[in-house]
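Undergrad: Before we start, here is the structure in question, set down as C-alpha cells.
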Amino acid sequence: MPLGANTFDGGQLKAFKTINSPKVALVISKHASLKNTQERLTFDDPMPTLQETVLSKLDAIRNSCVEWSEKQIQQAKKVHMLLCHAESLLSIRKLPSNLEDALKGFDKSALLSVMKIHEQNGAQQVARATKIRAFRKYVLPRVAADAPNHISTLAELFPDLLLDTIQQMYTACANDLHSCFEVLSGLSDYTVQERPLQTRKRTTYNSVLSDSESEDEMFEPLYAMQGFLQRKPSFQVMIPLNQTFFTIPQCSTIECSSKYSESTKLALANAMHDFENGQDFEAILNGYNAIVEALGIEMSVRRDISIYRVMKHGVRNQLTYRQSRIFDILDTKLRSHLLYKQHAAASRRVCIVGAGPVGLRTAIELAMLGAEVVVLEKRPSFIRENILHLFPWVVHDLTRLGAKVFYNQFCTSSVYFHIGTRQLQCILLKVALLLGVNVYGHTSFDTAIPTNNGYKIVTTPPLPQELENMTALIGAGGMYDTVGALANIQRSAFSPSPAYGVLGWVRNTRTKEENQVSEFSWGYQYNQKMFGELRDQGLDLENAVYYRGEVHYVVMTPKGKNLFEQGVLKTNKTPLVHPDNIDKEKLNQFVTKAFKFFKIPMQAPLESASVFDFSRTLRADKASAIIQGDSSKLYVALVGDALMEPFWPQGLGINRGFLSALDTAFAITQLDKQDDATVLLERENNYKRSAALHLDNNIHK
C-alpha cells in the first residue's frame, strides 16, 4: 500500500465521531498506517537493523518525492505532515530546571475557588472525559508540529480550567501541545474523575507514531502537583527546533545612593532645570545626560524602566512642587494597568527608527511595559512647527503622561485640541528619557543581520555593542521609512484625486491683538460665501484651517490650476510640486494674502511657506512581519505614517499613529506567549480596523 493510505478500525472511527468540534478538528491529522503487519517495525530488532531499515525507507521516500506530479499534491502534504512529526520526535530536549521546579510547585487547590460546571458525575462529564480520552489516544500522537490553534483546542477540551491558566501552562511548556495536554490533564476535574467512569485496558495497538504504555499511565501527570502521585519521569518535552526571539540576559540592576552632597544636589537642580526647559533635541539630551552624570548612574548596566526609580529618588527632593508633579503623574500611569505592573515586555529589547511623535510614543509604551528601548533619530534637531489636530482620547493620553507639566500651554485653546509637532516631540522625548529609553541622535539605520543570538542592528555611527542585538524592529520614519523593506512589507499608493496643500506660519508674539483672533477650520461646502470672496482675491481654496499655538499656523488646499495662475507653480508639468517648479516669492505672496484676508496679525515676518502634494498617500499591505535567520527571529512592524499616511483633511495622522503605537507594543508583549501566526493576525486585524476604509481601484505600485 502506498504511503499516505488511510485505514481506521471501528474503535478509531467511533473515537473520531466523538470529537465533533471544529476547533479540535483543526489539529486532527489522519494517520497513515501499513496494512501489512509484516512491514511494521519490530521493536525487538537490534539498533543496526532498525537504522538500516529506517534509512532504506527514507531513500524510498526521497526517490518517490522526485517523481511526484502536480496531481499528487495531497499525497505530498500528508508525507510532509508525517515527516514534520518525525522531526519533532527527534528534537526532545531537557526541560529547564527552573520550569521543572515551577511546575512541581503548582498548587491545584488554588483552582478550587473556580465554579465548576458540574458537581457530580453525569452524562456531560462522561462525554467530556470520553472526548479527552479519544483525543489522547487517537489524535495527539498524530498532530502535526505546525498545527494551528493549540490554545483554542486545549480550552475546548478542558472547559473547567480558566483560559489564563491554560495560556500560562502552554507558555511554561515551551508552547508544546503534547506536554501542555499532559499538565492540563492533571489539573482538569474531567480527567481526574475519569477513573471510576470506565474500565480501562492496556492497549495493544502499536505504531510508529504512538507508544505502548497503558492508558492509566498516560493519565498520570508528567509533573508532581499537589494531590497527585508522580511516576518517575525524565522531565523531557518535545520542543521543535525553531528560531527564537532575542531575550535580554539577566544583569545587575541600577542602584541608587541614599545620600547626596550639597554640590551634587545643586548640580541635580540645575540639570533638571535645563532638562525641563529644553526646547530642542540636543538641549534636552544634554540636560538629561547632566542628571545621569550627577546621579552617578552606571550606563553599562541594563537601562530600562528601573532608571525611573533612580531618577525619582535622586531628583525629586531638589524640585519644586510643580516640577515634582511629573513623578506623581507617571507613578499613577504605571499603576494603571496590569501589564505595566507585570513588566510584560521585560525580556525584550526593541529598536525604533524615528523619533517623531509616534516613534516616541511607541518607545514610552514599551518602556512602561518593561522593555529595553533604543530610539534612532537621523535629524540633529526638532524643526517641524506643523500643528497637529488631536482627538480627545489623545489629549487624555498625553495628559496622563505629564504633558501639562512640561508644557503649561498644552491644549489651552477653547475651540480645538492641537499642539505643534516640535513641542509634542519635546514633551514625549522628556518622558521617554525619564522612563529609561535610550535615544541616539545623528544616527541612521542601515540594516539588520541575523546572528546566533538575535538580530544585530547596523547603524551609522554604530550602537554600543551591548545594545546591538534586538527582539523587535519598528519603523517610525514616516513616508521615508526603510524598515519595512527588510520584512518585505510592501507600500501601495492610494490616490483619490489630485490634491495640493499650502501652509505658512509666523511666530506668535502673544499680543492682545493676536489673542483676539478666533481659530477656525472651514470647508467650502460650509461657507461658500467666504470662499467666494477668497476666490475674488485670487485664492481658489477648498479648505482652510487656522490654529494658534507657539506660531500662527495656516494650512489651505488650493486647486492646482489656481497655484499655476498665481505663479506659485512655474510650469504645468508633472510633477507639479517640485522645488525647481516652485516660485518662493510668489508662494510667500500667496500665503501673506491669506493671512491678511483672515485678519491674522503678522507681528513677526513669515518664517515658512511651503507647498505639499497629498494626492498620493502610501499604505502598507500589512502592519508587521517576522523574519527568520538560521537560529533567530526578528519581529518587524511599522507605526504612524510609515504604516499609513493620512489623507490630510481628515485630521487622522497623530490619532491613528498613537493607536498603531499601542497595538504594536502589545504585540511585542505576546511574542513567545502566543504562536507567531496569532500575534501577526491580531495586529493585522487592529490595523484594518484603524484604517476604516478599503483600498479600491485607485491603487498604484
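The values are calculated or read from the model by the stated rules, or taken from the named source; none is laboratory data. These numbers were taken from a predicted model, which means no experiment stands behind them. Every residue, glycine among them, receives a Cβ derived from its backbone with ideal geometry; neighbour counts consider all protein chains shown.
Undergrad: Having 2 or more residues that are at pLDDT 90 or above and farther than 23 Å from T669 by Cβ is the bar; report the helices (runs of 4 or more DSSP H) wholly within the range 289-343 that clear it. Show your work before the answer.
TA: Values: elements: 306-315, 321-334, 338-342.
Once the helices (runs of 4 or more DSSP H) in the range 289-343 are filtered for at least 2 residues that are at pLDDT 90 or above and farther than 23 Å from T669 by Cβ, what remains is 321-334.
Undergrad: Among the candidates N543, N488, N562, N508, single out the residue that is loosely packed, with under 13 Cβ neighbours inside 10 Å and of a type outside the set (G, A, S).
TA: So the residue among N543, N488, N562, N508 that is loosely packed, with under 13 Cβ neighbours inside 10 Å and of a type outside the set (G, A, S) is N488.
Undergrad: Another question about this same structure. Only one residue in T447, T482 is under 21 Å from the mean Cα position of the chain (by Cα), surrounded by fewer than 17 Cβ atoms within 10 Å (Cβ to Cβ), among the hydroxyl-bearing types (S, T, Y) and within 20 Å of P380 (Cβ to Cβ). Which one?
TA: From the options T447, T482, the qualifying one is T482.
Undergrad: Turning to a different aspect of this structure: Would you pick out the residues in the range 549-573 that are at pLDDT 90 or above and either within 37 Å of the chain's Cα centre (by Cα) or closer than 20 Å to V415 by Cα (or both)?
TA: Scanning the range 549-573 gives V551, H552, Y553, V554, V555, M556, T557.
Undergrad: With of a type outside the set (D, E, K, R), at pLDDT 85 or above, buried (at least 16 other Cβ atoms within 10 Å of the Cβ) and under 31 Å from the mean Cα position of the chain (by Cα) as the only criterion, which of I248, I284 stands out?
TA: Step by step, each of I248, I284 is checked, and only I284 is of a type outside the set (D, E, K, R), at pLDDT 85 or above, buried (at least 16 other Cβ atoms within 10 Å of the Cβ) and under 31 Å from the mean Cα position of the chain (by Cα).
Undergrad: Which residues, counting only those in the range 337-363, are under 13 Å from the mean Cα position of the chain (by Cα) and surrounded by fewer than 24 Cβ atoms within 10 Å (Cβ to Cβ)?
TA: A344
Undergrad: Counting residues that are over 30 Å from T557 (Cα atoms), touching a strand residue (DSSP E or B) at 6+ places or on another chain (Cβ under 8 Å) and in the same structural domain as Y635 (by TED's automatic domain parsing), which strands (runs of 3 or more DSSP E) fully inside the range 441-500 reach at least 3?
TA: 444-451, 454-460, 472-475
Undergrad: Of all residues in the range 150-191, how many are part of a loop (DSSP other than H, G, I, E, B), farther than 18 Å from A129 by Cβ and either touching a helix residue (DSSP H, G or I) at 6+ places or on another chain (Cβ under 6 Å) or assigned by TED's automatic domain parsing to the domain that holds Q670 (or both)?
TA: Counting residues in the range 150-191 that are part of a loop (DSSP other than H, G, I, E, B), farther than 18 Å from A129 by Cβ and either touching a helix residue (DSSP H, G or I) at 6+ places or on another chain (Cβ under 6 Å) or assigned by TED's automatic domain parsing to the domain that holds Q670 (or both) gives 1.
Undergrad: Scan the range 609-633 for residues that are in contact with a Ser or Thr (Cβ under 9 Å, 6 or more places away or on another chain) and in a loop (DSSP other than H, G, I, E, B) and jot them down.
TA: Within the range 609-633, F614, S615, R616, D621, A623, G629, S631 qualify.
Undergrad: Could you count how many residues in the range 484-519 are more than 20 Å from F614 (Cα to Cα), out of contact with any Leu (no Cβ under 6 Å at 6 or more places or on another chain) and touching a residue at least 40 places away in the same chain (Cβ under 8 Å)?
TA: 13
Undergrad: Quick check, is E385 in contact with a strand residue (DSSP E or B) (Cβ under 9 Å, 6 or more places away or on another chain), crowded, with 24+ Cβ neighbours inside 10 Å, assigned by TED's automatic domain parsing to the domain that holds F666 and acidic (D, E)?
TA: Working: in contact with a strand residue (DSSP E or B) (Cβ under 9 Å, 6 or more places away or on another chain): yes; crowded, with 24+ Cβ neighbours inside 10 Å: no; assigned by TED's automatic domain parsing to the domain that holds F666: yes; acidic (D, E): yes.
So E385 does not fit the description; no.
Undergrad: Still on this structure, I have one more. Take the conditions exposed (fewer than 14 other Cβ atoms within 10 Å of the Cβ) and either not in a helix (DSSP H, G or I) or not assigned by TED's automatic domain parsing to the domain that holds N469 (or both) and apply them to L266. Does it pass? Reasoning before the result, please.
TA: Values: exposed (fewer than 14 other Cβ atoms within 10 Å of the Cβ): yes; either not in a helix (DSSP H, G or I) or not assigned by TED's automatic domain parsing to the domain that holds N469 (or both): yes.
Yes.
Undergrad: Has the range 426-434 got any residue that is surrounded by 15 or more Cβ atoms within 10 Å (Cβ to Cβ), in contact with a strand residue (DSSP E or B) (Cβ under 9 Å, 6 or more places away or on another chain) and in a loop (DSSP other than H, G, I, E, B)?
TA: no
Undergrad: What are the residues in the range 518-544 that are over 11 Å from A594 (Cα atoms) and part of a strand (DSSP E or B), if any?
TA: F520, S521, W522, G523, E542, N543
Undergrad: Would you pick out the residues in the range 511-530 that are more than 20 Å from N386 (Cα to Cα) and touching a strand residue (DSSP E or B) at 6+ places or on another chain (Cβ under 6 Å)? Before the answer, list the steps.
TA: Just the residues of the range 511-530 that are more than 20 Å from N386 (Cα to Cα), to begin with: 511-513, 516, 524-530.
Hit for the range 511-530 is Y524, nothing else.
Undergrad: Looking at (1) at pLDDT below 80; (2) under 24 Å from E468 (Cβ atoms), which is the one condition that is false for S258?
TA: (2)
Undergrad: Is at least one residue of the range 591-609 closer than 28 Å to A493 by Cβ, within 39 Å of the chain's Cα centre (by Cα) and modelled with pLDDT of 90 or more?
TA: yes
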